[in-house]
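Some notes on the structure that comes next.
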Amino acid sequence: MPIIFHPTSRELHLYNHALSYVIHILPNGMPANLYYGQHIRDRDDFSCLLQSRTRSLAVYSPDDACRYAQQYTCMEYPVFGTGDFRYPACDVRQPDGSRVLALAYERHSIYAGKPKLCGLPATYVEADAEAETLELSLLDAQIGLRCVLVYSIFRDYAAIARSVRFENAGGGELILERALSLSLDLPDMDYELVTLCGAWSREREPVAAKLKPGLQGVYSLSGASSAEHNPFLMLKRPWADEDGGEVLGFSFVYSGNHTSGVLVDTHGKTRVFMGIHPDTFSWALGPGEVFQTPEAVMVYATHGVGDMSRTFHSLYRDRLARGYWRDRERPMVINNWEATGAMFTQQQLLEIAGQARDVGLELFVLDDGWFGSRDDDTRGLGDWFVPKYSPKLPDGLGGLSAQLAVLGLKLGLWFEPEMVNSDSDLYRAHPDWILCAPGRTPSLSRNQYVLDFSRPEVVDHLCAAMESILKGGDISYVKWDMNRYITECYSLALPPQRQGEVYHRYILGVYSLYERLTSAFPEILFESCASGGARFDPGILYFAPQTWTSDNTDAVERLKIQYGTSLVYPLCAMSAHVSEVPNQQVGRTTDLVTRSQVALFGVYGCELDIGALSGAEKDILRAQISIAKRYRHLMQTGDFYRLQNPYCGNACAWMVVSHDRSEALVGYYRLLVRANEPWLRVRLRGLRAEWDYQMNGSAVYGGDLLMSAGLVVNPEQMSAGGMDFSSVLFELRVVGEMHGDADKP
């Protein structure tokens, strides 16, 4: 996992077992990228990969005898104004109004380990031997701007984490107006771009497009990472599929406005860029001040899309998520929302809890309506206290928690700390605490305004209120919701010239509150929610190890949502619950087994009113929860394989395999019945070809047969009698003594 500097050729080579990344310092001091791809042997000089020639209209540095035109060179961190006419990685407004930059090599340092990012989430290491870091310092001597490119290459993952630190070493104020975390130039355009797009209730749908000259990509200007465009993109060779071919994945560890794009020039070179969206962003950098960009993670894979996904899964599961719950099995919850809404009595809650206990659930989540005057969504939001004489909770949260403990259940609570109703004590006391432009009427969404989390006093108030609740109620779980995007983004606490900082300062405030609460209550499990999956991103995963994947709980729709989400996020990050039928979002009725077997491939829980189930249905649910408990550890730690794509046919299939390859669970889902349909067959992945596996406790098959010939699926063995929306599980366990290297499939 070394990083090597070759002083004669002025080249830096970052490499591990899977990938190589080569940087070359040009004669004018600007860094160029010579190679990013599969691991290659180190050599003293890679300059054979550097191309130069005289071209019409090209711009050359006056002191560059080798004629390297930035426009036609793979630049490492491109700037605007000196000959590169493609999108720059940074843009700095200077005291004289100029935006021209000349960032040249100043120095570099190489050290073991990986640094933390001040105030920002990031991947990490638990021992310095797990990674090595390069800090490449570039300086514009005229204005005193130092730009430090930070690269950490992991020992155990085919991944590089990148970020940028801007330091004002000059005497005047500088205004950052574009500060991307990653820019990467590739020498050709023979790729397909895959992004994750969607909307509320159909988040993270994979969208593929062949690269073409010009600009393609995704973005968010909503103040959140958004349900519409996830901060992720993938470039894959046209022939690459789940199991083979070169794939490059890029993921942004951030929860606010973002841009992730690909620019192809007219000579077929590809520029990938990722960072905070420059529109509406600016940051004043005074003398001696520093600005740190969020982290971007690059993953390289030679064995297809699945290979890329599993690298992201293991990295984010083990070295992004943190704390007490990172490696522990998550509790199976029952949420009261579908049963009661915001109007309930304590007796109703205890009845639901008792029924949940009887089928094997472990934690009761009290959703919206427990605080202030909150009987509907028009009032009370922001008032985080239980009224002294609450008709809903006459014994308070402490009393409810004690009664749940008698039943053997723990208590969880719903919060929405970032928003406020106008009909609330908090708003009446602090109407200036919302985001609102002077002279403008603030827009409503779901009867809510957005609190100004760029103001420390707002974050302090919310922290104190939530700490008081969490200390007094014996709370084990927090569902942190966020139910609207930001409009009228203006902070009354900042001067006019610094309003471009509000969006980013808002997210820093959210991170600050998360950090303070998770540090104060390390054994509370935090789950993020944002109208479902509108803030499902790596930045939030750093604080909350699981996210409510979507408000759409329909099993058939969830096949697509969970499939798309799995391109980058691990199963243990996806909360997936069994809900009532007809489904509240789409009106579809699916059988209870199918609903459960979809939820199984995630963090399992329930949303439905168990009291409305028949005795036979309760028995089914009890059996399914028992299965979920049996495979809970496998779902959290195993390797996930996508077998059949629900976007491309009438079936979906996936599987999880234990790290030692001794155990696997396969889920197969058939959507609509077809007349006289052909045999259904699915080829498995990730097993050991030379081992034998027993299926569902009976027949024995070779791993080679299951992966090469496939597994025949009998519709008559599926749930719902093999009718529409049916599913079946296949449990595989190795037979006999295991031999060989279990790490190799």
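Values for this structure:
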{"item": "Estimated dipole of the stretch 262-408 in Debye, rounded to 20 [Cβ of Lys and Arg +1, of Asp and Glu -1, Cα centre]", "result": "460"}
{"item": "Surface/4 of the Cα convex hull for the stretch 96-230, nm²", "result": "11.8"}
{"item": "Inverse of mean 1/r across different Cα pairs in the stretch 7-91, Kirkwood, Å", "result": "13.7"}
{"item": "Contour minus Cα-Cα distance for Glu173 and Leu215 (0.36 nm per residue)", "result": "11.9 nm"}
{"item": "Distance in nm between pseudo-label sites at Glu351 and Asp423 (7 Å out along the Cβ direction from Cα)", "result": "2.7"}
{"item": "Charge dipole (debye, nearest 20) of the stretch 232-310; +1 at Cβ of Lys and Arg, -1 at Cβ of Asp and Glu", "result": "140"}
{"item": "Under 13 Å from the Gln38 label point (7 Å along Cα→beta-carbon), backbone N, the stretch 241-266", "result": "244-247"}
{"item": "Ranked by how many other beta carbons lie within 10 Å on average, peptides 155-166, 350-361 from highest", "result": "155-166, 350-361"}
{"item": "Positive-pole candidate from His24, Tyr87, Pro2, dipole of the stretch 1-108, charges at beta carbon", "result": "Tyr87"}
{"item": "Once the Cα gyration tensor of the stretch 353-509 is diagonalised, semi-axes √(5λ) in Å", "result": "34, 15, 13"}
{"item": "Sum of side-chain charges, Gly171 neighbourhood, beta-carbon under 13 Å (Lys, Arg +1; Asp, Glu -1)", "result": "-3"}
{"item": "Length added when fully stretched, Ala675-His633, from 0.36 nm per residue minus Cα-Cα", "result": "11.2 nm"}
{"item": "Amide H within-cut-off set for Leu643, under 5 Å, with H built and near neighbours excluded", "result": "Ala653, Trp654, Met655"}
{"item": "Reach of Lys210 by Cα under 27 Å, taken over lysines that are not fewer than 8 positions away in the same chain", "result": "Lys236, Lys269, Lys560"}
{"item": "Interchain or long-range residues, amide H under 5 Å from Ile434's placed H", "result": "Asp452"}
{"item": "Overall Cα dimensions of the stretch 565-718, principal axis frame, Å, largest first", "result": "48, 39, 33"}
{"item": "For the stretch 151-156, 3J(HN,Hα) per residue [Karplus equation, 6.51 cos²θ - 1.76 cosθ + 1.60, θ = phi - 60°, Hz, x = Gly/Pro]", "result": "10, 10, 9, 8, 6, 9"}
{"item": "Protection proxy ranking, peptides 613-624, 272-283, average beta carbon neighbours within 10 Å, highest first", "result": "272-283, 613-624"}
{"item": "In nm, spacing of pseudo-spin labels at Phe5 and Gln717 (7 Å Cα→C-beta vector)", "result": "6.1"}
{"item": "Taking all pairs of distinct alpha-carbon atoms in the stretch 426-565, Kirkwood radius in angstrom", "result": "16.6"}
{"item": "Between the stretch 589-610 and the stretch 510-566, the Cα center-to-center distance that results, in Å", "result": "18"}
{"item": "Lys, Arg +1 and Asp, Glu -1 on Cβ, resulting dipole of the chain about Cα centre, debye, nearest 20", "result": "740"}
{"item": "Proximal lysines to Lys629, defined as alpha-carbon separation beneath 18 angstrom and excluding residues fewer than eight positions away on the same chain", "result": "Lys410, Lys618"}
{"item": "Unit charges at the beta carbon, dipole of the chain: most positive-side option, Thr590, Thr259, Ile486", "result": "Thr259"}
{"item": "Packing rank of 647-654, 505-512, where each peptide gets the mean count of other beta carbons within 10 Å, highest leading", "result": "505-512, 647-654"}
{"item": "Spacing of the two label points (7 Å from each Cα toward its C-beta) at Asp188 and Thr266, in nm", "result": "2.3"}
{"item": "The stretch 151-171-the stretch 337-374 distance, computed between alpha-carbon centres (Å)", "result": "46"}
{"item": "Listed residues Leu621, Asn645, Ser708: farthest to the positive end of the dipole of the stretch 582-722 (Cβ charges)", "result": "Asn645"}
{"item": "Answer label for Rg/Rh (Cα atoms, Kirkwood Rh) (calculated), chosen among (i) 1.07; (ii) 1.26; (iii) 0.98", "result": "(iii)"}
{"item": "For the stretch 324-424, the spread of Cα positions along each principal axis, largest first, Å", "result": "40, 32, 23"}
{"item": "Cubic angstrom per residue, convex hull over Cα atoms of the stretch 171-246", "result": "149"}
{"item": "Along principal axes, Cα extents of the stretch 236-383, largest first, whole Å", "result": "70, 48, 30"}
{"item": "Cα-based radius of gyration of the stretch 509-578 once divided by 2.2 N^0.38 Å, which approximates compact folds", "result": "1.15"}
{"item": "Segment His659-Lys116, length gained on full extension (0.36 nm per residue, minus Cα span)", "result": "192.6 nm"}
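Every number here is computed from the coordinates shown, using simple stated rules; none is lab data. None of these values were measured; they are calculated from a predicted model. Here Cβ is always computed from backbone atoms with ideal geometry, including for glycine, and neighbour counts include all displayed protein chains.
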